[in-house]
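The structure appears below as structure tokens.
The values are calculated or read from the model by the stated rules, or taken from the named source; none is laboratory data. Just so we're clear, the structure is a prediction, and the values are computed from it rather than from any experiment. Positions of Cβ are backbone-derived with ideal geometry, glycine not excepted, and every protein chain shown enters the neighbour counts. Note: areas computed on protein heavy atoms with side chains; ligands, DNA, RNA excluded. Shrake-Rupley method; radii C 1.70, N 1.55, O 1.52, S 1.80 Å.
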Amino acid sequence: MTFRGNAPLDPSQVEDQRGRGGYGGGMGGPVVVGGGGLGIIILIIALLLGVNPLSDVGETSPSIDGAPSVQDCQTGADANKRDDCRIVGFVDSVQKYWTDEFARRGDTYLPAKTVLFTDAIQGACGLAETAMGPFYCPEDQKVYLDISFFTDLTEQFGAKGGPFAQGYVVAHEYGHHVQDLLGTLSSSQSGNAGSIRIELQADCFAGVWARHAADTGYLEAPTDAEIAQALDAAASVGDDRIQQQTQGRVQPEQWTHGSSAQRQQWFKTGYQTGDMDRCDTSHV
């Protein structure tokens, strides 16, 4: 994914907590969205159940003086060079799109920050840990992400990776924030079937953003190869693929995020139509 070199980035939308240890916030219950199916294998059972088994994990490493910070991320050229700046760029682009789309519909989009962390961090939904994968916490309306997850995505799940795979992950989590603002996040997430509908709609919202990514001013229009990166990432975190890889059999009754085919289908629906109204997963 190519960022426009002179596009100004806004790093204030990302909280850089990498290497700083515990994060201030309430000890709320583990109500997280999007972590299951996007985490690494070691915690796959917990992820599929949507719980956080890490409430007793100790503190993370102390802060590292002189480490790179997202405050250094100022332009699209920086996003083309560094993973953390690329996340800033994706966050900026995704939120620019939803700000404009909500305004077009006569509504107001409330921005949500992304928290970059290392190993583990305390947030309003409990302790976030790298192995949970990226997730959205509705309690503080923030996205939590350890950049090392993208290495896990390729090494643990066999995804091909690539910059736009990262963009898909970021856009998916912000899809949950959109659901939260619309009031559909909590009302639709009852039982496994409800969870699947929520996750597939977030995939569709990610596709909608991808369709309009170039319109936000941060990115060039994605190529077919870049869209393929996103589809590959979506497939790699399908419940059927994860179950087959971790337990050697597929059990649809235990799915919480949808199959690889479903996740690809709904991303494509969003991308091909560019219309969030086409992301109605209520009949899935």
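The gain in end-to-end length when the A103 to V284 segment is fully stretched comes to 62.3 nm, 0.36 nm per residue minus the alpha carbon separation. Between T2 and T273, the modelled labels are 3.1 nm apart [label points 7 Å from Cα along Cα→Cβ].
Using only alpha carbons, build the gyration tensor for segment 116-170 and give me the equivalent ellipsoid semi-axes, biggest first, whole Å.
Details: eigenvalues 93, 30, 12 Å².
Ellipsoid semi-axes (Å, largest first): 22, 12, 8.
Return the FRET efficiency for the residue pair Q251, Q141: r is the Cβ-Cβ distance, R0 is 25 Å, and the value is rounded to the nearest 0.05. It comes out at approximately 0.15.
Which three numbers, in whole Å and largest first, are the semi-axes of the equivalent ellipsoid of segment 218-284 derived from its Cα gyration tensor as √(5λ)? Walk me through the intermediate numbers first.
Working: eigenvalues 128, 54, 9 Å².
Over the Cα atoms of segment 218-284, the ellipsoid semi-axes are 25, 16, 7 Å.
Mind pulling up the Rg/Rh value for segment 162-207? Radius of gyration and Kirkwood radius, both on Cα. Write out the running numbers ahead of the final one.
Working: Rg = 10.9 Å, Rh = 10.6 Å.
Ratio of gyration radius to Kirkwood radius: 1.03.
The alpha carbons of segment 116-227 give a radius of gyration and a Dmax of 14.7, 39 Å, in that order. Summing charges over neighbours of F117, with a neighbour being any other residue whose Cβ is under 10 Å away from its Cβ, gives -3 when K and R count +1 and D and E count -1.
Counting 0.36 nm for each residue step from N80 to A261 and taking away their Cα separation leaves a gain of 62.1 nm. Taking each residue as 0.36 nm, the span from D72 to A228 lengthens on full extension beyond its C-alpha to C-alpha distance by 53.2 nm.
Remark: relative contact order (segment 206-284) = 41 percent; criterion is Cα-Cα distance under 8 angstrom and separation of 6 or more residues. The residues of segment 76-179 present an accessible area of 29 Å² per residue when probed at 1.4 Å with all protein chains retained.
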